[in-house]
Amino acid sequence: MTHNPERPARPRKLAAALMASALVLTPVLSTPAQAFLFGGGGRIVYDPRNHAENILSAARALEQINNQIAQIQNQAQMLMNDALNLANLPHSSLAELQGAIGETQRLLADAQSLAFDVATIEQAFAQDYGTAAAQGDFDAMIAGARERWETSVAGFEDALRVQAGVVGNIDGARTQMNALISESQGAVGTLQVAQAGNQLLALQSTQIADLTAAIAAQNRAEALEAARIASAEAQGRENLTRFLDYGGGYTPGTVRFFGE
């Protein structure tokens, strides 16, 4: 076999070439800013670290802008919510409720004979009821009894009128309740919800006032009738006492016969 002395020299030449290339490329890669030459004679400097920092700064600026946009949107939504919360309820039942209360008050004010007044009641009972019914002559007692009977009848009539007025207010109260419930369900803000709730409470107060008026009128009629019965009993006892009063009794006198 023939030995060729040139073969061992090829690997050594290849290794030497690779080492030389590494030495040439090392300063190029380790330099922060690299200069690239183009055929036209222009020169562009590229800095990878500066480029990365610029991209990071741009991303941060974009994030801040997005945050500001979101903040502005939130503030606009808050203002819109505030406007809704301050919106007034378009429906009001105040006039109807006041009208119902006024009608009940008118019926109470039209009470016949003995009205709902403390001074008037005290004066009437002092003059016409109780022991006062048993005073005066027979004709005066008869007139007082008739007047008390008429007052009792008028009291029951007043109670019926008030009760009829209260019953008549039920339909109006039902209409207002339906309207207020509908408005409260469609309320767009806290103010409208509060106003609807207040009007519902006012409606409830009106119904309580009607109920109070009806009970007061009924109790008034019953009290007048009870007072009339008590006065009639006192008058009856006085009439019986007067009927059984024989004056001073028998006084003996001289008896004379005819012819004496």
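A few points about this structure:
- Charge tally in the Cβ shell below 11 Å around Thr151, where Lys, Arg are +1 and Asp, Glu are -1, Thr151 excluded: -2
- Gyration tensor (alpha-carbon) shape descriptor, the stretch 105-160, a/c threshold 1.5: oblate
- Accessible area in the full protein assembly, largest first, 1.4 Å probe, for Met177, Met80: Met80, Met177
The values are calculated or read from the model by the stated rules, or taken from the named source; none is laboratory data. Worth saying up front: this structure is predicted, and the values here are computed from it rather than measured. We place every Cβ from the backbone using ideal geometry, glycine too, and count neighbours over all the protein chains shown. These area figures cover heavy atoms from the full protein model, side chains too; ligands, DNA and RNA do not enter into them. Shrake-Rupley method; radii C 1.70, N 1.55, O 1.52, S 1.80 Å.
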